[in-house]
Amino acid sequence: MFDWLLEGATVVDGTGAAPYTADVAVRDGRIAEVSRDARITAPARQRIAAHGAWLTPGFVDIHTHYDGQATWDETFSPSIWHGTTTVVMGNCGVGFAPVVKGREAELIKLMEGVEDIPGSALAEGIRWGWQSFPEYMDALDAMPHSLDFLLQVPHDPLRMAVMGERAFSQRVAGAEDIAAMRTLLREALQAGAAGFSTGRSDNHRTAEGKETPAAEADAAELCGIAGAFAGLDHGVVQLVSDFDVLRGPDRFDAEWALVEQLARAAGRPLSMTWLQRDPGGAQWLAMRERVDAAVAAGLPLYLQAAARGIGVILGLDASFHPFAGFPSFKEIAHLPLPERAAAMRDPARRARVLAEPSERMAGDGTPIPPLVDILLARIELIAGRMFPLGDAQNPAPDYEPTVMQSFLVRARQRGCSALAALYDHLAEGDGRQLIYFPIFNYNEGSLDVVGQMLRHPRALAGLSDAGAHVGTICDASFPSFLLTHWVQRREKDRLPLERAVEMLAARNARYLGLADRGTIAPGQRADLNLIDPQRLGVGTPQLVRDLPAGGRRFLQRGEGYLGTWVAGRCVRNEQGLTDERPGRLVRLGRGG
């Protein structure tokens with residue numbers, strides 16, 4: 001007797017093989033039988049007609065920031081809306097463990113600044129009850145969840161726990177400090193942690209505008225900590241670095257040398273953020289060249305690539321918009337949204353705003369990175385990369401618009417400045433208009449560069465930042481976008497369906513060392529998605545206030561998912577999310 005089976009599904013099995021039609025049966029949370037040649041006639045408690053629908057493995061998202069949200073949200077929303085069944089947290093060197101009792105607020109300020117998660121939501125929502133990383137793991141594992149999750153140990157909390165105030169002053173870690181951090185990481189890895197992460201981006205700031213604690217960690221510190229992997233056969237290293245691009249291209253070689261030193265010291269797979277930056281548009285090519293050479297020399301390096309441009313959604317009620325620093329706008333910023341928009345339409349105020357300069361946004365006391373001021377100073381030019389995000393007639397977002405749809409062209413057609421065109425768009429109606437601004441991966445006005453990245457053999461589908469930057473993005477929708485835009489709709493250079501699914505599932509699972517998921521085969525976990533390809537869509541981003549303390553975030557619900565199962569239990573169906581909570585902490589080095 002099977003628990004349930006799917007009849008006549010178009011199976012995209014995650015291996016990269018061409019899709020095929022089959023019946024798939026599930027028992028005790030695992031795939032029990034896959035029959036391509038004949039129907040499965042053995043009895044089952046439930047039979048589901050799946051003719052014409054894609055059946056894929058559940059997707060594995062290796063780059064999320066649910067570290068705090070996981071303590072109050074059982075469902076890992078919005079990832080659950082896009083076919084993801086396993087998430088990895090603790091990325092970019094930030095997180096909530098280890099922590100010294102009484103200093104929890106410092107970690108909240110760090111996460112609020114780096115990952116744009118409202119500090120009030122974190123302060124009210126997180127149910128603290130741990131100090132060590134293994135205690136954090138136990139605390140999350142004891143809570144019910146819809147999806148499986150893995151935890152990486154973030155560098156910044158490690159440094160803060162060991163070095164205290166010295167961690168924030170960019171003091172060089174001494175030998176005793178490094179040994180203590182290595183001991184804490186080893187303890188976590190032996191408890192089943194998935195790896196170690198570190199962040200070296202000039203754009204990352206605490207809520208008070210300070211550099212993140214480990215941003216300038218030297219090779220001795222990084223390699224010394226990485227010694228914790230010695231003798232272990234599990235764990236990965238995740239790194240984000242902009243290679244000091246804002247300080248000049250001559251810094252790249254030294255930063256890259258540090259990446260290779262860290263990979264050698266850890267002896268484990270290392271993945272890093274891969275973007276076409278601006279400024280620094282050629283850096284992604286240098287990274288590709290260096291990775292190819294390093295892999296040929298035996299280093300296990302990988303590149304985390306996004307499915308589309310990396311940028312922000314701007315709006316009057318979002319975390320940011322172009323007029324936030326204008327004095328005449330600040331006078332009305334406190335008004336309810338519809339009144340704010342109406343006040344913006346006042347001709348006198350409009351004239352004042354457009355005639356005055358914006359105040360400096362970045363600096364001490366604010367997490368806003370220096371890049372924002374650089375971009376605002378060039379807004380008349382970069383408006384060629386700013387676009388309306390949907391409208392009443394066509395609410396579906398277009399993530400590969402042409403320059404002809406940009407506010408730069410709109411402004412020229414109207415005979416006004418780009419700033420005026422942006423202002424008038426945001427001031428329309430009740431103020432809910434949105435602007436899409438792909439900052440990275442869009443220097444040429446298309447996603448051609450992304451296509452090259454996705455086809456690289458060391459590319460991993462990543463960078464969704466799910467759970468983070470909640471007031472500016474909703475890139476947890478990357479899986480749905482990959483399947484719609486790159487597989488179904490793009491006019492050129494489409495990806496084969498089987499390749500896209502392999503990237504979303506098996507490739508990421510194998511990178512992590514997970515052998516029990518990522519493909520559809522007997523014995524594999526029944527982490528599955530049943531998808532109607534005719535109805536598949538990313539959904540429209542909507543600002544909702546469902547975070548603790550009334551915090552707001554963008555939520556995007558994928559469309560066309562007929563069912564998502566975790567360990568054989570349905571966590572999402574056509575009606576919405578279910579009450580099933582089969583998700584658990586996956587502890588590596590303990591048999592999965």
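Each reported figure results from applying straightforward, stated rules to the coordinates on display, with no laboratory input. Bear in mind that the values here come from a model prediction, so they are computed numbers and not experimental data. Neighbour counts are summed over all protein chains in view; Cβ atoms, including those assigned to glycine, are modelled from backbone coordinates with ideal geometry.
Under a Cβ-only charge scheme (Lys and Arg +1, Asp and Glu -1), can you give me the dipole magnitude of the chain about the Cα centre, in debye to the nearest 20? Spell out each step's value before the answer.
Working: 61 positive and 73 negative charges, 136 e Å.
Rounded to the nearest 20 debye, it is 660 debye.
Given the options TYR66, TYR561, MET272, identify the residue whose Cα lies farthest towards the positive end of the charge dipole of the chain (+1 on Cβ of Lys, Arg; -1 on Cβ of Asp, Glu). Working it through, the farthest residue towards the positive pole turns out to be TYR561. Across the chain the C-alpha pair distances fall into 20 Å bins from zero in the proportions 21, 55, 24, 1 percent.
For THR21, nonlocal amide neighbours, meaning residues 5 or more places apart or on other chains whose placed amide H falls under 5 Å from its own, are VAL11. Note on ASN394 and GLN413: the model spin-label points, each 7 Å out from Cα along the C-beta direction, lie 1.1 nm apart. Computed from phi, the 3J(HN,Hα) profile of segment 208-221 under the Karplus parametrisation 6.51, -1.76, 1.60 (θ = phi - 60°) reads 9, x, 7, 4, 5, x, 9, 4, 10, 4, 8, 4, 4, 5 Hz, with x in place of Gly and Pro.
Less than 14 Å apart at the alpha-carbon level, and either on another chain or at least 8 residues along: which aspartates and glutamates does that give for LYS492? Filter leaves GLU400, ASP448. Using a cut-off of 16 Å between alpha-carbon atoms, which lysines can reach LYS109, once sequence neighbours fewer than 8 places away in the same chain are excluded? LYS109 reaches LYS101, LYS210. Karplus-based coupling profile of segment 135-152, in residue order and whole Hz: 5, 4, 4, 5, 5, 5, 5, 7, 8, x, 9, 7, 10, 6, 8, 10, 10, 9, with θ = phi - 60° in 6.51 cos²θ - 1.76 cosθ + 1.60 and x standing for Gly or Pro. The modelled label-to-label distance between ALA257 and ARG30, using points 7 Å beyond Cα along the C-beta direction, is 5.0 nm.
For a quick protection proxy, order the peptides 189-200, 228-239, 65-76, 147-158 by their average other-Cβ count within 10 Å, most packed first.
Numbers: 189-200: 24.8, 228-239: 20.0, 65-76: 23.2, 147-158: 28.0.
Ranking the peptides 189-200, 228-239, 65-76, 147-158 by packing returns 147-158, 189-200, 65-76, 228-239.
The protection proxy used here, the mean number of other Cβ atoms lying within 10 Å of each residue, ranks peptides 550-557, 31-38 as follows, highest first: 550-557, 31-38.
What is the extension gain from ALA549 to ARG378, computed as 0.36 nm multiplied by their sequence separation minus the C-alpha to C-alpha distance, in nm to one decimal? Mind dumping the intermediate values first?
Details: separation 171, 0.36 × 171 = 61.56 nm, distance 3.59 nm.
Additional length available on full extension: 58.0 nm.
Each part gets one Cα centre, and for segment 171-205 versus segment 558-588 those centres are 33 Å apart.
Taking 0.36 nm per intervening residue step and subtracting the Cα-Cα distance, what contour gain separates GLU176 from GLU124 on full extension?
Details: separation 52, 0.36 × 52 = 18.72 nm, distance 3.53 nm.
Contour length minus Cα-Cα distance gives 15.2 nm.
Per-residue Karplus couplings for segment 38-55, computed as 6.51 cos²θ - 1.76 cosθ + 1.60 with θ equal to phi - 60°, are listed in order as 8, 5, 7, 9, 4, x, 9, 5, 8, 10, 10, 6, 10, 4, x, 9, 7, 10 Hz, Gly and Pro entered as x.
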